[in-house]
Amino acid sequence: MKKFAFSLLFTFAVVFGCNNPNPKIEITPTIFFSIPQRIEFTVKDSISYLKIWEASFEDDRLTVLKHSINQEDTLSNATLRQHFKKNVDAFLKPFDLRDIDSTFTFKEEYFQSDLNFDYMSNGEKYKFFGKFLVNKQNFIAFCFHTPIPFDNYSESLKDKIFNSIEIR
């Protein structure tokens, strides 16, 4: 009887307790991401055009920002690209940057910038990894901060988060 009870308890745990350990988090109806472990997010949505998701993993920090924007439909793609680059530059301005690496990708429906750099904060060295996405409705920034030296745990965590980003 004990074996049957244990077996039944194990079955319930598997069926009801192990549902999708990496739930998708919806940033917009077309952009999702997941994290490789269960963790509580702080969500700040006090302003109608700004929403922020924050989470800490040991010494690492993830922040996702969604800023709703209104672009004129008449703006050319070249003008939108210039605005996007200016927004990324404005984001970088407050950092004491070292060793910046960035790429820009322009597709019809959205623009993307992937970047990483080292910076100093309160006398400590950090590594920043970012993925910025923009379309006519939203500017979204995925920001991952980790102390230097950048260890295997942090690298794996960052890779899993950034590889989980889906754009539909």
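The values are calculated or read from the model by the stated rules, or taken from the named source; none is laboratory data. Everything numeric here is computed off the predicted structure, so don't read it as measured data. Because the Cβ atoms are built from the backbone with ideal geometry, glycine has one as well, and the counts that use them run over all protein chains shown.
Filtering the range 13-43 to residues that are among the charged types (D, E, K, R) and either at pLDDT 75 or above or in contact with a Cys (Cβ under 9 Å, 6 or more places away or on another chain) (or both) leaves Lys24, Glu26. Screening the candidates Lys125, Lys86, Lys136 for the property of being assigned to a helix (DSSP H, G or I) and surrounded by fewer than 18 Cβ atoms within 10 Å (Cβ to Cβ) yields one hit, Lys86. Only one of the numbered conditions (1) more than 23 Å from Lys127 (Cα to Cα); (2) modelled with pLDDT of 65 or more; (3) not polar (S, T, N, Q) is violated by Leu8, and that is (2). Among the residues of the range 90-102, those identified as surrounded by 11 or more Cβ atoms within 10 Å (Cβ to Cβ) and assigned to a helix (DSSP H, G or I) are Phe91, Leu92. In the range 150-167, the qualifying residues are those that are assigned to a loop (DSSP other than H, G, I, E, B) and more than 14 Å from Leu62 (Cα to Cα), and the one that is modelled with the lowest pLDDT is Phe150.
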